[in-house]
Amino acid sequence: MLAVTTAGNKGDVAAMGRAAARLEQSLEYLSMKAGDQGTVVGAIIVAELAQGGLEAARFAWRRAGAKARESRDAQTAWELTKCLWRHDNAAFFAAVPEVACSAALKSGIRAAAQQVRESTLQVVGRAYSSIALADLASRTGLSAEATKEEAVRRGWAVGGGFVRPAAASADASAGAAAPAVDVAALDRLTEYVCALERPSAAPDAVAVGEKALTAVAQARARGEQLA
Amino acid sequence: MASDAGEIKLDPVNPRTENGRQFLDTVSRMAQADLRDLHRYAGMLAHKATLESISRVGSGAVVVLGEAISLPEHTASYACILYTAEPILHRQGHTALFVRFALSLFSEGDRRQLRAVPAFVASIARALGQHARSLGAASAAMRAITRAAEATAPNPHCLTACHAVAAMLGCDGKHYREVCAMADSDIFEVLPAASGCQVEDVLCFYYYAGVAYAALKKWSKATDSFSMVLVTPSAALSAVAMAAERWRILCSLMAAGKPPSMPVAASQGMARSLADDVRPFTRIAEAFVTLNPTALAEALKAEEEALAASSLTGLAAQLHRAQQARVILGLTSTFVTITTAEIAEKLGLGSAADAEALVFDLVRAGTLRASIDQERGVVSFLDDDATADPAMLVKRVESLVGAAAALADAIATRERDVVLSPDCVKHATMRARGRVSAEAGRSGAMAAAAGGADADVAEAMRRSTLDM
């Protein structure tokens, strides 16, 4: 338990998660007090959220016992997980500043919030060629101004109440230039296709082996002496 | 769980009785035995008289554990005593004590000695699996048994009973990631004599591996794992195979959008028996492939009972979303751009915002390459990176060709091992006895083998004759 709280207080979320997972799979866990079990469960959940492991966080809650679930740490971590499970980023970011939990978990929750924000921005960059500024702000938990600054920092265009992520808009724009043709790459590709279509000249090793075995077995059945 | 042995009343070992003296003498010999020759030592442990002398002294035998017998020095003896004492402890209500000793054995035992007593280890693992679940110690037991699985496998590719028990406990404790990590390792051999593995262990391992993959939404791997259950040779259709087929149908719908075909290696009798048992799931699959959400909803409603009886209601509930994803993926072959309102209409969704959310989820999951223009309410379907760019396509083909070549080498090596194994040669010989024709003189192939033209074949023959 000490390892869990020490790592959490130092802000080492990954170490906190590993220590909590080891403790959860030990016999010592079964005789711990409800509050401590809940802290272990909460630490596992928060560490998973900080690494983008939403499924693993959910399973950590589902395998927790009834008394562990009643603890404040476990319930706080679970409420945050539920927000993300429902894709309600706005509720998640609204809850983060108000969390009531032990100090060890607080830095993990801050790390989880940072991870969720970063991954959301990456997915939005892939999926949208234009998205309303207000929508993006609610998904990232930032103010409109902060969202605009973040978008500009990433090289996205902002105007008319909409954000235009760079990568997706370049792909989708009409008349986008086709990638330059690499003749050497096409040559190699052609060679591969020809080689795959050519019938193999190598002998069938398995068939040869089977023939040898059958001949040997027949000879033995005839009672012939083997060298 | 109960605490240490001092608080539990166990039958003491009375050194004044014949049984007590025999037992203590046996224990003393075990503790002093020369462990350099572990196989002979394991044979001594498994000897009927040894086992009887331990069982006669009752639960007091385990009191000796930790006194005369310690880990890791006397791991094999520890395993022998625990194996014999388990039914006694269970009968007397000291299951928690057995669980604690078993966990110690697997966590601290010497690996070499554990490998020398595979039957004891397998039996203790199975008992530990059952008792740990009932005591709520599945997570602790899983970790210890996973260590035992690595320790007792004759080679890294071999399946043991411990693998099956660890997979079961992992699924029970929802440690799906750990189970998937174990299933992802290169396990393809079953050596019953060397590992204590039985048919049930093979079936259970692949079944629980499939459940773990499905829990983590790795639908293709889940389908393959459940297929392994069906192709495992067994004397009769098992409940595990029936459950695996139900899972397999639903996982295949999630992975490929269509029901799976019966594996070629599965027996025809099994295929016929399974067809009747999984009829409700076949009907669900037929409704799914129509891509009609109403038909699917009706089928799921009609087969509610069958789904609940198989505990597959949760998985079935995901079929709606999967079917919607299939419809959208189908649109990519017809449309380059389409409005979110049109997508919502095709899918019968409430609003364009719902359609946008669905497309966003597919892009996030990596299933679809698309770009949403929220300002105009339009979705543009994009080309796959790998096919649009020749350089990326060549890289991908190169890596696939390399992987295919490595796989072909591995298969050729395994085929040679199987064909030249003494068991295979013996089997071929026995078949040939019934088909011997009257040939005069030595055959050319016989002369070649006898002359050492294929030394491996000759060696395999020699080894097979040792057993005949």
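Points to keep in mind about this one:
- Per-residue shielding of B:362-374, expressed as the average number of other chain Cβ atoms within 10 Å of the residue Cβ, stands at 5.
- Peptide-level mean, for B:414-424, of C-beta atoms on other protein chains within 10 Å: 2
- Going from the residue with the fewest nearby Cβ atoms within 10 Å to the one with the most, A:Glu55, B:Glu178 rank A:Glu55, B:Glu178.
- Cα-based reach from B:Lys426 at 22 Å (exclusive), listing lysines while leaving out same-chain residues under 8 positions away: A:Lys211
- The order of B:Arg112, B:Arg248, going from fewest to most other C-beta atoms within 10 Å of their C-beta, is B:Arg112, B:Arg248.
- Net charge contributed by nearby residues that have their C-beta within less than 15 Å of B:Arg376 (K/R +1, D/E -1): -4
- Neighbouring Cβ atoms from other chains, within 10 Å of the Cβ of residues in A:23-35, number 4 on average.
- Long-range HN-HN contacts of B:Thr339 with modeled amide H, under 5 Å: B:Val379
- Here the label points at A:Leu186 and B:Thr413, each 7 Å from Cα along the C-beta direction, are separated by 4.0 nm in the simple model.
- Count Lys and Arg as plus one, Asp and Glu as minus one, and take only other residues whose Cβ is under 13 Å from that of B:Ala141; the net charge is then +2.
- Close amide H pairs (under 5 Å, H built 1.01 Å from N) link A:Phe162 with A:Leu133, residues at least 5 positions away or on another chain.
- Whole-Hz couplings from phi, Karplus 6.51/-1.76/1.60, listed for region A:127-137; x for Gly and Pro: 9, 10, 9, 7, 9, 4, 4, 4, 5, 5, 4
- Residue order for B:Leu135, A:Leu136, fewest other beta carbons within 10 angstrom first, comes to B:Leu135, A:Leu136.
- Amide H contacts of A:Gly52 (H built 1.01 Å from N, under 5 Å, at least 5 apart or other chain): none
- Checking the cross-link pairs A:Lys67/A:Lys106; A:Lys82/B:Lys217; A:Lys148/B:Lys346; A:Lys82/B:Lys174; A:Lys67/B:Lys221 against a 24 Å limit on the alpha carbon distance flags A:Lys148/B:Lys346; A:Lys67/B:Lys221 as lying beyond it.
- When only alpha carbons are used to place a centre, region A:1-19 and region B:146-187 end up 28 Å from one another.
No value in this document is a laboratory result; all are computed from the given coordinates. Predicted model, so just to flag it, every value in this text is computed and none were measured. For neighbour counting, all protein chains shown are included, and Cβ atoms are generated from backbone atoms with ideal geometry for every residue, glycine included.
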